[in-house]
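Peer 1: First, the structure itself, so that you have it in front of you.
The values are calculated or read from the model by the stated rules, or taken from the named source; none is laboratory data. Small disclaimer: the values here were computed from a predicted structure and weren't measured. In this analysis, Cβ positions are derived from the backbone assuming ideal geometry, glycine residues included, and neighbour counts consider all displayed protein chains. These accessible areas exclude ligands, DNA and RNA; they are computed on the full protein's heavy atoms, side chains included. Shrake-Rupley method; radii C 1.70, N 1.55, O 1.52, S 1.80 Å.
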Amino acid sequence: MMPGVSLMHFHRLCRLYGWLISIKAFYCLEKRKGFLPYLSGERVPIWDPDARGVYAGIRLSDTRANLKQAVMEGIAFNIKRVKILLEGCINNEFRELVVTGGGGNNESCNIIKASFLEMPVCVPRIPETALAGSALLGLMALNTGKTINEIFPDSWKEVIRYNPVKALTSHYRKLFHRYLELDNRLNGFSKSWR
């Protein structure tokens, strides 16, 4: 799953780089659209390299904000499905989601994820953790004798925390079942649109 790709693709299509939806737009719950974010196939949770992305419920009156919100909700829907699968495998529940890389750069998307998942979403202040991890491995290979905490100060552990919005959470509980229904009905159908 590459959630950031769906959002970047939307931005490219609409020429909206860096454009954010106001949190007030999320309370406009009557114009819901569905989006399945399978723009380059899908790994977890459906394991189908031929799956394709789908918008559902589009009307002429829809705005870019409605469509972007659908993209972000589709991303959160997929993350919730993965969360449910993982919790079933480990027989335990997650308390928070840590988002790194490009997926953590969008405040609106993080609020949607937190509300959809019903748990906090945390973004490290140093979001490019793969790059930082590579630097850490390089420093350790130099055998400096320093510990991880000496190499990276406590600020490395600081996060920006996004908490669920209650009005959204109750709505997303109902919406999750609609996403599952959409995905199940279209399972295999989108392959014919390659």
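Peer 1: For region 67-82, give me each residue that is open to solvent by 10 Å² or more (accessible area, probe 1.4 Å) and more than 18 Å from Ser170 (Cα to Cα).
Peer 2: Leu67, Val82
Peer 1: May I ask you to verify whether Ala167 is among the hydrophobic types (A, V, I, L, M, F, W, C), over 18 Å from the mean Cα position of the chain (by Cα), exposed (fewer than 14 other Cβ atoms within 10 Å of the Cβ) and at pLDDT below 80? Spell out the reasoning first.
Peer 2: Values: among the hydrophobic types (A, V, I, L, M, F, W, C): yes; over 18 Å from the mean Cα position of the chain (by Cα): yes; exposed (fewer than 14 other Cβ atoms within 10 Å of the Cβ): yes; at pLDDT below 80: no.
For Ala167, the condition - among the hydrophobic types (A, V, I, L, M, F, W, C), over 18 Å from the mean Cα position of the chain (by Cα), exposed (fewer than 14 other Cβ atoms within 10 Å of the Cβ) and at pLDDT below 80 - is not met.
Peer 1: Still on this structure, I have one more. Being in a loop (DSSP other than H, G, I, E, B) and small (Gly, Ala, Ser) is the filter; apply it to region 44-65 and report the residue that is modelled with the highest pLDDT.
Peer 2: Step one: of region 44-65, the residues in a loop (DSSP other than H, G, I, E, B) are 44-47, 49-53, 57-63.
Next cut, small (Gly, Ala, Ser) only: 51, 53, 57, 61.
Numbers: Ala51: 83, Gly53: 84, Gly57: 87, Ser61: 82.
If we take residues in region 44-65 being in a loop (DSSP other than H, G, I, E, B) and small (Gly, Ala, Ser), then Gly57 is modelled with the highest pLDDT.
Peer 1: In addition: Between residues in region 122-143 that are in contact (Cβ under 8 Å) with a residue 40 or more places away in the chain and residues that are of a type in the set (D, E, K, R), which pairs lie under 7 Å by C-beta distance while being six or more apart or on different chains?
Peer 2: Cys122/Glu96; Cys122/Arg161
Peer 1: Filter region 109-118 for residues that are open to solvent by 10 Å² or more (accessible area, probe 1.4 Å) and either part of a loop (DSSP other than H, G, I, E, B) or of a type in the set (S, T, N, Q) (or both) and give the result.
Peer 2: Scanning region 109-118 gives a single hit, Glu118.
Peer 1: Identify, please: which residue in region 87-99 is β-branched (Val, Ile, Thr) and surrounded by fewer than 17 Cβ atoms within 10 Å (Cβ to Cβ) and is, among those, modelled with the highest pLDDT? Reasoning before the result, please.
Peer 2: Kept after step one, since they are β-branched (Val, Ile, Thr), are these residues of region 87-99: 90, 98-99.
Checking which are surrounded by fewer than 17 Cβ atoms within 10 Å (Cβ to Cβ) leaves us with 90, 98.
Details: Ile90: 91, Val98: 88.
So, considering only residues that are β-branched (Val, Ile, Thr) and surrounded by fewer than 17 Cβ atoms within 10 Å (Cβ to Cβ), the one modelled with the highest pLDDT is Ile90.
Peer 1: Answer yes or no: is there a residue in region 129-139 that is more than 23 Å from Thr100 (Cα to Cα), open to solvent by 80 Å² or more (accessible area, probe 1.4 Å), at pLDDT 75 or above and assigned to a helix (DSSP H, G or I).
Peer 2: Step one: filter region 129-139 for residues more than 23 Å from Thr100 (Cα to Cα), giving none.
For region 129-139, residues more than 23 Å from Thr100 (Cα to Cα), open to solvent by 80 Å² or more (accessible area, probe 1.4 Å), at pLDDT 75 or above and assigned to a helix (DSSP H, G or I): absent.
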